[in-house]
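Student: Could you have a look at this structure, given as structure tokens, before my questions?
None of the figures in this text is laboratory data; all of them are computed from the coordinates on show. Quick caveat: nothing in here was measured; it's all calculated off a predicted structure. Note: ideal-geometry Cβ built from the backbone for every residue, glycine included; neighbour counts use all protein chains shown.
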Amino acid sequence: MKVSIIIPTYNERDNLEELFERISNAMEKAGYDYEIIVVDDDSPDRTWEYAEELGKTRGYPVKVIRRTKEKGLSSAVIRGFKEAEGDVFVVMDADLQHPPEKIPELVREIEKGADIAIASRYVPGGGVENWYWYRKLISKGAIMIGRVALPKIRHVKDPVSGFFALRREVVEKADLNPIGFKILMEILIKGTYKKVVEVPFRFGLRKAGESKLGGKTMINYLKHVYRLMKWEGEIDRLVKFSIVGTSGIVVNEGFLWFFVSELGMDKYIANIPATELAILNNFIWNDLWTFRDLRRYPLWKRLISFHVAALMGAIVQWLIYAPLVYLGMNYLVANLIGIAASFIVRFLFNRNVTWG
């Protein structure tokens with residue numbers, strides 16, 4: 001088994017000597033045949049040049065790709081995949097925050113049957129060193145957003161890790177987007193695989209160079225999540241859920257009018273069967289249309305779970321509506337905000353539980 005270690009770089013010259021030495025020691029000790037593929041975006045500090053020099057003078061098996069027209073981490077990794085000769089690909093950063101000594105452990109997980117092995121900060125034994133609280137919050141928030149918006153990865157603790165290994169076959173036929181922000185998340189959504197394992201590691205301190213975390217990071221990440229949701233069909237599903245919800249309003253209003261005006265029922269009592277009929281309408285259409293491909297549980301379980309989602313939505317709507325009105329907001333505006341929050345809660349609950 002040959003291992004291709006793909007390292008995208010930009011101004012990482014000062015880290016290369018230690019990085020290559022530690023990779024070499026770890027791989028030779030483990031007995032793996034390997035190559036190092038440096039994909040450099042024409043660094044001003046001439047990282048690419050120093051990588052070539054180290055390969056020639058120290059004998060490291062280094063292949064250097066200097067890109068002068070393309071930029072970006074994801075496209076660099078994809079280029080590395082295309083140039084790699086190995087059976088297993090390892091992706092890592094050059095800043096020494098990803099310990100090279102973990103590479104053999106990731107590769108062993110592949111040998112034992114995993115298709116993707118992720119160096120994870122968020123499984124027992126993993127962690128980060130000396131992060132400010134706000135950076136931890138951003139990281140955990142980004143992961144939560146990704147796992148909620150993309151149910152396919154909800155069981156992965158660290159889907160945004162930049163340090164992972166995978167079989168060549170996982171990405172050979174994958175339509176990877178070079179403008180994606182987190183390449184692992186893209187692979188988890190589009191790749192061909194069955195088994196994912198996570199190996200704990202401590203995310204270390206940067207030794208040299210500048211952090212890649214910038215002001216546009218979160219916006220780019222949200223755009224990426226949206227693109228993956230669209231690719232997965234989750235945006236279409238959300239639209240369908242909205243259309244069904246609108247039909248439920250029509251059913252609710254129509255039957256409420258019928259029960260009061262035609263049958264003479266009390267206005268307060270009539271609201272109960274009208275609401276239940278609207279819930280049943282929504283359930284039927286969502287079951288037959290919105291979530292048709294996800295019907296894994298018996299009908300009665302889906303129906304009960306859908307009622308639970310409706311109840312949760314109603315509670316959330318009230319918990320938002322009441323305080324906003326108390327604080328002086330117009331009751332109609334407060335109600336709209338409550339409805340929007342209720343919609344999100346009901347959709348996520350139904351997507352991940354009722355038809356999860």
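Student: Out of region 123-173, which GluC sites (Glu not before Pro) are coil in DSSP terms and have no more than 12 other C-beta atoms within 10 Å?
Tutor: Glu129
Student: Starting with the fewest neighbours, write out Thr217, Thr57 ranked by other beta-carbon atoms found within 10 Å of each beta-carbon.
Tutor: Thr57, Thr217
Student: Residue farthest toward the positive end of the dipole of the chain, with Cβ of Lys/Arg at +1 and Asp/Glu at -1: which of Leu277, Ile5, Gly113?
Tutor: Sorting the options by dipole projection puts first Leu277.
Student: Then there's this: Express in nm, to one decimal, how much length is gained between Ala322 and Lys112 on full extension, taking 0.36 nm for each residue of separation and deducting their alpha carbon distance.
Tutor: 70.1 nm
Student: Determine the dipole magnitude for the chain: charges of +1 sit on the beta-carbon of Lys and Arg, -1 on that of Asp and Glu, nothing else is charged, the reference point is the Cα centre, and the result goes in debye to the nearest 20.
Tutor: Computed about the Cα centre, the dipole is about 700 debye.
Student: How big is Rg to Rh over region 1-141, alpha-carbon atoms, Rh as the Kirkwood inverse-mean-distance radius?
Tutor: 0.97
Student: On to the next question. Evaluate the relative contact order of region 234-354 (contact order divided by residue number), counting alpha-carbon pairs under 8 angstrom at least 6 apart; express in whole percent.
Tutor: Dividing the mean separation by the residue count of region 234-354 yields 25 percent.
Student: Shifting gears a bit: Of Lys112/Lys157; Lys140/Lys223; Lys56/Lys173; Lys102/Lys140; Lys63/Lys140, which pairs sit farther than 25 Å apart, going by alpha carbon to alpha carbon?
Tutor: Correct reply: Lys56/Lys173; Lys63/Lys140.
Student: Would you kindly calculate the mean projected area, averaged across all directions, of the convex hull enclosing the Cα atoms of the chain, in square nanometres?
Tutor: Across all orientations, the chain yields a mean hull projection of 22.1 nm².
Student: How high is the relative contact order of the chain, given as a whole-number percent (alpha carbon pairs under 8 Å, six or more residues apart)?
Tutor: 15 percent
Student: Under a 10 Å cutoff between Cα atoms, tell me which one of Leu332, Leu96, Leu137 has the largest fluctuation in the Gaussian network model of the chain.
Tutor: Result for the chain, Cα springs under 10 Å: Leu332 fluctuates most.
Student: Excluding residues fewer than 8 places away in the same chain, name every one of the aspartates and glutamates whose C-alpha is closer than 18 Å to that of Lys230.
Tutor: Partners found: Asp175, Glu186, Asp293.
Student: Still on this structure, I have one more. Remind me, relative contact order of region 111-167 in percent, using alpha carbon pairs under 8 angstrom and six or more residues apart?
Tutor: 53 percent
Student: Which of His98, His155 comes first, and how do the rest follow, when ranked by fewest Cβ neighbours within 10 Å?
Tutor: So the ranking, lowest neighbour count to highest, is His155, His98.
Student: To the nearest Å, what is the center-to-center distance of region 22-55 and region 306-351, using C-alpha atoms only?
Tutor: If you average the Cα positions of each part, the centres end up 54 Å apart.
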